[in-house]
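Take a look at the structure set out below.
The values are calculated or read from the model by the stated rules, or taken from the named source; none is laboratory data. Because the structure is a prediction, the values reported are computed rather than measured. Here Cβ is always computed from backbone atoms with ideal geometry, including for glycine, and neighbour counts include all displayed protein chains. Accessible surface areas use protein heavy atoms only, side chains included; no ligands, DNA or RNA. Shrake-Rupley method; radii C 1.70, N 1.55, O 1.52, S 1.80 Å.
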Amino acid sequence: MIFDKKNDLSFTRDIFMGSQEMSKQIVNVLGVTLAQAEELKKSSGERLVEVTQACEVSLVNLSAEIRLSLDYFMTEKNCSVTEIFLVGGGSLFKGIEGLLEKNLKLPVKVWNPLEGLKLSSGILEADIHKSSSQLGVDI
């Protein structure tokens, strides 16, 4: 999704690749289970370089798809994109912002869709923040 300066939705495109592709590559390259691959994406610790290298092909492909969308949008709307916000399960992959920044040559940040929202008294803040990366489309 691309929003204009007024925060109006200007463009949307589904890209049918993402963190599941990265998980599959981690499984294949590092010889771990799918559950372990998911955990390594979130907290790879000393294995960060290994995990990142295992996902390199997926990250390059994802960057290329994002770049195609950005180029199309900027040409059609005759405007520039100045930053990218990530949301969803893939945004939990430690270091993904830097990897995408390097490939896209744009600032990339993980978006917290709960930022600025006032939660109802019946909602436990700690519980909802556990799932905040999954709530971008809903919110």
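For the stretch 9-30, a residue qualifies if it is open to solvent by 80 Å² or more (accessible area, probe 1.4 Å) and either touching a His at 6+ places or on another chain (Cβ under 9 Å) or farther than 18 Å from Glu65 by Cβ (or both), and the qualifying residues are Leu9, Asn28, Val29. Restricting attention to the stretch 79-108, the residues that are among the basic types (Lys, Arg) and at pLDDT 90 or above add up to 2. The single condition among (1) more than 15 Å from the chain's Cα centre (by Cα); (2) surrounded by fewer than 18 Cβ atoms within 10 Å (Cβ to Cβ) that Ala54 does not meet is (2). Any residue at all in the stretch 17-24 that is out of contact with any Leu (no Cβ under 7 Å at 6 or more places or on another chain), farther than 19 Å from Phe85 by Cβ and part of a loop (DSSP other than H, G, I, E, B)? No, there is no match, as no residue in the stretch 17-24 is out of contact with any Leu (no Cβ under 7 Å at 6 or more places or on another chain), farther than 19 Å from Phe85 by Cβ and part of a loop (DSSP other than H, G, I, E, B).
Looking only at residues in the stretch 31-42 that are modelled with pLDDT under 95 and open to solvent by less than 70 Å² (accessible area, probe 1.4 Å), which one is nearest to Asp4 (Cα to Cα)? The extreme case among them is Lys41.
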